[in-house]
Amino acid sequence: MYRYFKDNFAWSFSVSLAMEMGQINEIDQACAPLLALQSKSAKVMAEAWHKSWTKIGDKVAGQGRDDARNGHDYTAGMKLLRACGYYQIAERLMVPADPRRNPLYQTSIDCFSEGVALSGHRTTRVEIPVDGGIMAGWLTLPDGPGPHPCLIFSNGFDSTKEILYLIHRDLSCQRGIATFFVDNEGSGEALRFHNMKLKPETEVWAGKCVDYLETVAQIDSERIGIMALSFGGYSAPRAAAFEPRLKCCIALGANPVGDKINPVDFEARLSTPEIESHSLWLTGAKSRQEAWEIFDAYTLTDALPALKCPFLVAHGELDLLVPMTDAQWMVDLAVNSSRAELRKFTEEEGAAEHCGADDPKRIGAFCYDWAAEVLGGRTKPEKPS
């Protein structure tokens, strides 16, 4: 992974994400003032990170709105989508209790909505009621009338639907696959605005996503699958095992939570600055021990043998949070899947870090190619008639 900040893994991880969503000169403008602060206190570093990335978000969003006023919608859309990414890079490392966090996330969503509309994407905002709250998502469609195959793409421990969209949307549409990028329980809007905590029964919210997609005329209800990354390496297989309408499952990074690992044990090389407050926020636990006990109760030992649809685990050999042996364990346990396979990404080829953070589009392209084969999308351009 490219380490702009050699002494701060969480910062470098965020820079890697930003590089997939933005422009290097703008990213450098945000990061250069931070280089001298890597040895400062956590509070000083957090404040500087928030200020610098919000500043570049404000700058690029302002430029985009100027372009829109001048009638240059495509240019405006690109800039507003980049600004969304920068705002979310600023927001994702803030402590959960910071009162500026939710307003900044809303600012990012506003930029995203404007950017999508101005860019002409075939993308619709969707809100699905769940347990008194709302799971929000973006359904994006490829060209053509359809009906299209569709992937539900859900978050991990600290990702959002907008970040996933900005990295993977073009891969999806190019392959003739619709994607529903959704903030599942414990992530994005569901967590920030509706206090929807993580629950182990991921088939419940996934089933509600399928319920919605079955009402969309451009979606083929017989070709809906699910993909998720990081913590989603647990949520996607669990959902596909117990929601039979899902026709394939992709774990972009294995994650046998409870069976082999516990996120509360992670102390180094985290994509968030520290694990305790984040774990309490996602679970609603009152203490680190309670959070550990919640995650320890998660299990895939009953779900994986029940999984019947095609199943892909895409995993990097340099993932220091989840070893390759755990990824192999997941595939080996899926004994009833019609096509269970592990794709190992090596250091030499790239996408070898946690969830391919060193090259997200490389691992994403493989996953979408696999989904196109399984669900009936495209793996090469169609010949003109």
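Against the condition buried (at least 20 other Cβ atoms within 10 Å of the Cβ) and in contact (Cβ under 8 Å) with a residue 24 or more places away in the chain, how does Gly364 come out, does it pass? Against the criterion (buried (at least 20 other Cβ atoms within 10 Å of the Cβ) and in contact (Cβ under 8 Å) with a residue 24 or more places away in the chain), Gly364 qualifies. Evaluation of Arg288 against the conditions (1) surrounded by fewer than 20 Cβ atoms within 10 Å (Cβ to Cβ); (2) under 27 Å from Lys361 (Cβ atoms); (3) at pLDDT below 95 shows that the sole unmet condition is (2). Counting just the residues of the stretch 307-332 that are of a type in the set (Asp, Glu) and in contact (Cβ under 8 Å) with a residue 24 or more places away in the chain, which one comes out nearest to Cys249 (Cα to Cα)? That would be Asp326.
Contact annotation: residue pairs with Cβ atoms under 9 Å, 6 or more positions apart or on different chains, pairing a residue in the stretch 345-357 that is among the hydroxyl-bearing types (Ser, Thr, Tyr) with a partner that is crowded, with 24+ Cβ neighbours inside 10 Å, are Thr346/Gly316. Residue check: is Phe9 buried (at least 20 other Cβ atoms within 10 Å of the Cβ) and within 25 Å of the chain's Cα centre (by Cα)? In short, no. Can you say whether Asp170 is surrounded by fewer than 24 Cβ atoms within 10 Å (Cβ to Cβ) and not aromatic (Phe, Trp, Tyr), as far as the supplied structure shows? Judged against the criteria, Asp170 is a match. With respect to the conditions (1) modelled with pLDDT of 95 or more; (2) surrounded by 20 or more Cβ atoms within 10 Å (Cβ to Cβ); (3) touching a helix residue (DSSP H, G or I) at 6+ places or on another chain (Cβ under 6 Å); (4) more than 23 Å from Leu375 (Cα to Cα), Val264 lacks only one, and its number is (1).
When each of Ala46, Ala61, Ala76, Ala42 is tested for being modelled with pLDDT under 95 and touching a Leu at 6+ places or on another chain (Cβ under 7 Å), the lone residue that passes is Ala46. Does at least one position in the stretch 54-77 carry a residue that is loosely packed, with under 13 Cβ neighbours inside 10 Å, of a type outside the set (Val, Ile, Thr), closer than 22 Å to Leu280 by Cβ and not assigned by TED's automatic domain parsing to the domain that holds Ile163? Looking for residues that are loosely packed, with under 13 Cβ neighbours inside 10 Å, of a type outside the set (Val, Ile, Thr), closer than 22 Å to Leu280 by Cβ and not assigned by TED's automatic domain parsing to the domain that holds Ile163, one finds none in the stretch 54-77, hence no. Residue pairs whose Cβ atoms lie under 6 Å apart, separated by 6 or more positions or on different chains, with the first residue in the stretch 28-39 and in contact (Cβ under 8 Å) with a residue 24 or more places away in the chain and among the small types (Gly, Ala, Ser) and the second buried (at least 17 other Cβ atoms within 10 Å of the Cβ) and in a helix (DSSP H, G or I), are Ala30/Ser52; Ala30/Trp53; Ala30/Ile56.
Once the stretch 309-340 is narrowed to residues that are within 16 Å of Leu229 (Cβ to Cβ) and of a type in the set (Asp, Glu), the residue that is surrounded by the fewest Cβ atoms within 10 Å (Cβ to Cβ) is Asp326. Of all residues in the stretch 128-176, those that are within 18 Å of Leu229 (Cα to Cα) and either part of a loop (DSSP other than H, G, I, E, B) or free of Cβ contacts under 8 Å to residues at least 60 places away in the same chain (or both) total 12.
Number of residues in the stretch 313-358 that are touching a Phe, Trp or Tyr at 6+ places or on another chain (Cβ under 8 Å) and of a type in the set (Asp, Glu) equals 3. Leu252 falls short of the stated requirement of being under 18 Å from the mean Cα position of the chain (by Cα) and closer than 17 Å to Glu185 by Cβ. Mind checking which residues of the stretch 99-123 are outside any helix (DSSP H, G or I) and surrounded by fewer than 15 Cβ atoms within 10 Å (Cβ to Cβ)? If the condition is that a residue be outside any helix (DSSP H, G or I) and surrounded by fewer than 15 Cβ atoms within 10 Å (Cβ to Cβ), then Pro99, Arg100, Gly120, Arg122 are the ones that fit.
One line per residue, one yes/no per condition, for (1) acidic (Asp, Glu); (2) surrounded by 20 or more Cβ atoms within 10 Å (Cβ to Cβ); (3) more than 14 Å from Ala327 (Cβ to Cβ):
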site: Gln218; (1), (2), (3): no, no, yes
site: Ile224; (1), (2), (3): no, yes, yes
site: Leu229; (1), (2), (3): no, yes, no
site: Ser235; (1), (2), (3): no, yes, yes
site: Ala240; (1), (2), (3): no, yes, yes
site: Asn255; (1), (2), (3): no, yes, no
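Here's the yes/no breakdown for (1) in contact with a Pro (Cβ under 9 Å, 6 or more places away or on another chain); (2) outside any helix (DSSP H, G or I):
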{"residue": "Asn195", "(1), (2)": "no, yes"}
{"residue": "Lys199", "(1), (2)": "no, yes"}
{"residue": "Gly207", "(1), (2)": "no, no"}
{"residue": "Tyr212", "(1), (2)": "no, no"}
{"residue": "Thr215", "(1), (2)": "no, yes"}
{"residue": "Gly233", "(1), (2)": "yes, no"}
{"residue": "Ala236", "(1), (2)": "no, no"}
{"residue": "Ala239", "(1), (2)": "no, no"}
{"residue": "Arg245", "(1), (2)": "no, yes"}
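The residues of the stretch 199-241 that are hydroxyl-bearing (Ser, Thr, Tyr) and under 19 Å from the mean Cα position of the chain (by Cα), listed by number, are Thr202, Ser230, Tyr234, Ser235.
The values are calculated or read from the model by the stated rules, or taken from the named source; none is laboratory data. Values in this document were obtained by computation on a predicted structure and should not be read as measured data. Virtual Cβ from ideal backbone geometry, glycine too; neighbours counted across all protein chains shown.
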